[in-house]
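Novice: Below: one structure in structure tokens.
The values are calculated or read from the model by the stated rules, or taken from the named source; none is laboratory data. As the structure is a computational prediction, the values presented were derived from the model and not from experiment. Cβ placement follows ideal geometry from the backbone for every residue including glycine, while neighbour counts extend to all protein chains displayed. These accessible areas exclude ligands, DNA and RNA; they are computed on the full protein's heavy atoms, side chains included. Shrake-Rupley method; radii C 1.70, N 1.55, O 1.52, S 1.80 Å.
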Amino acid sequence: MGRISKTLNQTLPPWVLQRLNRALQPMGVAVPSVRPDRQSTILDNCYKAEVVRIHHETPRAITIEFELLEGYRLNFKAGQFVTLTLPMGATFFQRCYSFSSATHENNYTITVQRIFQGRVSSYLKSSLGVGDQFYIDDPAGDFVLPAVHPENQRYVFIAAGAGIVPVYSLIKELLGKNPDAEIQLLYAIRSREQAIFARQLARLEAEHVGLTVLFQYTRKEGDGHDPFRRLDGEKILSRVSDSASALFYLCGPYGLVKKCSEAFARAGIPASRIKIENFNSAPDSLLSQQLRPRALTFLPSRLLRKMVQVRQRKVDTILESAHRAGVASPQKCTVGNCQTCKVKVKSGSVLMDEPNSLSIEDARQGYILSCVSYPCDSVVVKLSGN
């Protein structure tokens, strides 16, 4: 019986082992339901964090102050970011958020702006409360100050939208090291109401003679875009007194960064004096570092159809793995918008890319969108039936 138990444990998925345990217990037979060689999940190397304060910056943005549980501390640099993991049912939602705190402030804060169809940002903005918990990994990113005497340099910071978050952290870090540091900030935002840290920046400007802040509002009265109000490289250079001696830090959408980089190159500013922030999506990072081959089991929607098992490949979503194994799974958009590929996870856990249209409530009930989901361990999926 021991040999049979070992064979079953190596071949059957966990949900089947659990049912066998319940059926065989009256007979005095136990089938191990947890395998000793289980691969670690995404949370094994994360820090557990708890919210201690929430500050509403704008109608769309909040600052979350958190502390680490279990006695840990983070060693971060101003301008860096962390990957926040939010477990919901069988699904892990992950997004990268920049620190808005400086290292000398003795607290940890991230600032989040709600984006369209962003499950994590929408949940954090509307539902997160003091005492709630989430997970984060080690700080990352090289959008940081020079290693040697950064306080003695001249800086021009260019930020657009939520790109102000790491820039705000860097400015506070510099002023903490040198209250008279020479800093110029050009901040492009749609309107005054959507300017994150507007009051804090105005206060810092009043307190520090070397800091100059320029807000560039890009929308007219109402809600129309005004192309003449947009920042570009030429406009920025026309407002910088001595561009040759300054360090430039850019954080914003690709269009602004591209235009600025081209203008700076034409002006002869060397690339060594320019820092650009590029956010990497959490799934890309996970795929390159943490995913290993997983066993996927697809349970049929109808009783008489057969169960299919397949070994997942690193580059495949769960939907792609299903189609590669010949499993009939419906699809339409394949980018997380239509919910045609919604299935239910019976065991295991997955990571979902964003943006996607899955509701938090569906996630809590175990549903996923298979076209943007990747397994974090061996997963059993129940297919949807017509």
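Novice: So which pairs qualify, if the first residue must be in the stretch 150-168 and under 15 Å from ARG239 (Cα atoms), the second must be polar (S, T, N, Q) and open to solvent by 10 Å² or more (accessible area, probe 1.4 Å), the Cβ gap must be under 9 Å, and the two must be at least 6 apart or on different chains?
Specialist: ARG154/GLN184; ARG154/SER245; TYR155/GLN184; VAL156/GLN184; VAL156/SER243; PHE157/GLN184
Novice: How do the pairs read when you match residues in the stretch 78-102 that are farther than 22 Å from GLY163 by Cα and in contact (Cβ under 8 Å) with a residue 12 or more places away in the chain with residues anywhere that are open to solvent by 20 Å² or more (accessible area, probe 1.4 Å) and part of a loop (DSSP other than H, G, I, E, B), using Cβ under 9 Å and keeping only pairs 6 or more apart or on different chains?
Specialist: Here the result reads PRO87/LEU43; GLY89/GLN365; ALA90/GLY348; PHE92/THR41; PHE92/LEU43, each pair linking the stretch 78-102 to a residue that is open to solvent by 20 Å² or more (accessible area, probe 1.4 Å) and part of a loop (DSSP other than H, G, I, E, B).
Novice: Within the stretch 337-355, can you find the residues that are under 15 Å from the mean Cα position of the chain (by Cα) and farther than 12 Å from MET88 by Cβ?
Specialist: Result: ASP353, GLU354, PRO355.
Novice: Further question: Out of the residues in the stretch 68-98 that are of a type in the set (Lys, Arg) and over 10 Å from the mean Cα position of the chain (by Cα), which is modelled with the highest pLDDT?
Specialist: Ranking the qualifying residues of the stretch 68-98, first place goes to LYS77.
Novice: From the list PHE143, PHE93, which residue is within 30 Å of ASP44 (Cα to Cα), open to solvent by less than 20 Å² (accessible area, probe 1.4 Å), in a loop (DSSP other than H, G, I, E, B) and of a type outside the set (Asp, Glu)?
Specialist: Values: PHE93 fails: in a loop (DSSP other than H, G, I, E, B).
Residue meeting the stated conditions: PHE143.
Novice: Go through LYS177, LYS172 for me and flag whichever is more than 25 Å from the chain's Cα centre (by Cα) and open to solvent by 20 Å² or more (accessible area, probe 1.4 Å).
Specialist: Values: LYS172 fails: more than 25 Å from the chain's Cα centre (by Cα).
LYS177 is the lone residue from the list that is more than 25 Å from the chain's Cα centre (by Cα) and open to solvent by 20 Å² or more (accessible area, probe 1.4 Å).
Novice: Check GLU354, GLU320 and return the single one that is in a helix (DSSP H, G or I), surrounded by 15 or more Cβ atoms within 10 Å (Cβ to Cβ) and acidic (Asp, Glu). Give the steps one after another, and end with the answer.
Specialist: Values: GLU354 fails: in a helix (DSSP H, G or I).
Every option except GLU320 fails the conditions.
Novice: Hey, among the residues in the stretch 147-169 that are open to solvent by 40 Å² or more (accessible area, probe 1.4 Å) and touching a strand residue (DSSP E or B) at 6+ places or on another chain (Cβ under 8 Å), which one's nearest to PRO253 (Cα to Cα)?
Specialist: Of everything passing the filter in the stretch 147-169, ALA162 is nearest to PRO253 (Cα to Cα).
Novice: For the stretch 55-85, how many residues meet the condition of being open to solvent by 10 Å² or more (accessible area, probe 1.4 Å) and part of a strand (DSSP E or B)?
Specialist: 8
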